């Protein structure tokens, strides 16, 4: 359980949690699969968002390892070319600014590779918002909790004072494995039914609800009817 005001570090997934990019990721995966005559359904492409790219290839195209590098290259090129409109969900910038002003340390744990993460950090002008970021290409892929442990090590924050926020089972599974609290969001990849299997302290459906949960429920005045021992 989390006691109120105990949270010092909030770790965010990127795609589908902060960044409105799920649709373009799916579209680019489908494009790359089609180019190399590999069958792929949209729901399967969506379901792997959050994993590291090598793990995505292994999950989606296990029978053609010789094509993985080619598919990844095509995917990346298509994504960058067609993702000009991808941006933070409305309200994310203000939410993060409010948390930072409260003295909360902010971090990112993502399935993106480092090159891709650095690109979108520059695009959103958010490099200085996060005290530390981890990409799957420089550590272990979710749901292995290694990237969370590395973030804890860098910040010096203990696990009971941190929370992971994400839209996939991989995010919440990763947090559960290390004993970290989590908050699930349903506006990204996975549904509430899937997320609740990992015992998050809250599941929200919108950025507005997430903002309220993080800025009021975990760091501010009590929310109406909230479980103080749980939040």
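Answer with yes or no whether residue 64 is modelled with pLDDT of 95 or more and assigned by TED's automatic domain parsing to the domain that holds residue 172. Show your work before the answer.
Values: modelled with pLDDT of 95 or more: yes; assigned by TED's automatic domain parsing to the domain that holds residue 172: no.
In short, no.
Check whether at least one residue in region 73-81 is out of contact with any strand residue (DSSP E or B) (no Cβ under 9 Å at 6 or more places or on another chain), assigned to a loop (DSSP other than H, G, I, E, B) and either on the phi > 0 side of the Ramachandran plot or outside the structural domain of residue 208 (by TED's automatic domain parsing) (or both), and report yes or no. Spell out the reasoning first.
In the first step, residues of region 73-81 are kept if they are out of contact with any strand residue (DSSP E or B) (no Cβ under 9 Å at 6 or more places or on another chain); the result is 73-81.
This time we only want the ones that are assigned to a loop (DSSP other than H, G, I, E, B), so: none.
No.
Looking at region 127-147, which of the residues that are within 10 Å of residue 110 (Cα to Cα) and either more than 16 Å from the chain's Cα centre (by Cα) or touching a residue at least 40 places away in the same chain (Cβ under 8 Å) (or both) is surrounded by the fewest Cβ atoms within 10 Å (Cβ to Cβ)?
Only one residue fits best here, namely 137.
Residue 175 - would you say it is in contact with a strand residue (DSSP E or B) (Cβ under 9 Å, 6 or more places away or on another chain), farther than 25 Å from residue 21 by Cα and buried (at least 24 other Cβ atoms within 10 Å of the Cβ)?
No; evaluated as a whole, the condition is false for this residue.
If I ask for residues that are crowded, with 20+ Cβ neighbours inside 10 Å and farther than 28 Å from residue 125 by Cβ, which ones from region 62-87 would you list?
71
Could you say whether any residue in region 197-215 is under 23 Å from residue 24 (Cβ atoms), surrounded by fewer than 17 Cβ atoms within 10 Å (Cβ to Cβ) and at pLDDT 95 or above?
The answer is yes; a qualifying residue exists.
Residue check, residue 47 against (1) closer than 27 Å to residue 194 by Cβ; (2) at pLDDT 95 or above; (3) in contact with a helix residue (DSSP H, G or I) (Cβ under 7 Å, 6 or more places away or on another chain), all met but one. Which one?
Every listed condition holds for residue 47 apart from (3).
Do we find a residue being part of a helix (DSSP H, G or I), within 17 Å of residue 51 (Cα to Cα) and within 12 Å of the chain's Cα centre (by Cα) anywhere in region 150-165? Break it down stepwise before answering.
So in region 150-165, the residues part of a helix (DSSP H, G or I) come out as 150-155, 159-161.
Still in the list and also within 17 Å of residue 51 (Cα to Cα): none.
No: region 150-165 contains no residue that is part of a helix (DSSP H, G or I), within 17 Å of residue 51 (Cα to Cα) and within 12 Å of the chain's Cα centre (by Cα).
For region 99-110, how many residues are buried (at least 18 other Cβ atoms within 10 Å of the Cβ) and either at pLDDT below 95 or over 15 Å from the mean Cα position of the chain (by Cα) (or both)?
Here the count works out to 3.
The values are calculated or read from the model by the stated rules, or taken from the named source; none is laboratory data. None of these values were measured; they are calculated from a predicted model. When we count neighbours, we look across all protein chains shown, and the Cβ atoms used for this are built from the backbone with ideal geometry, even at glycine.
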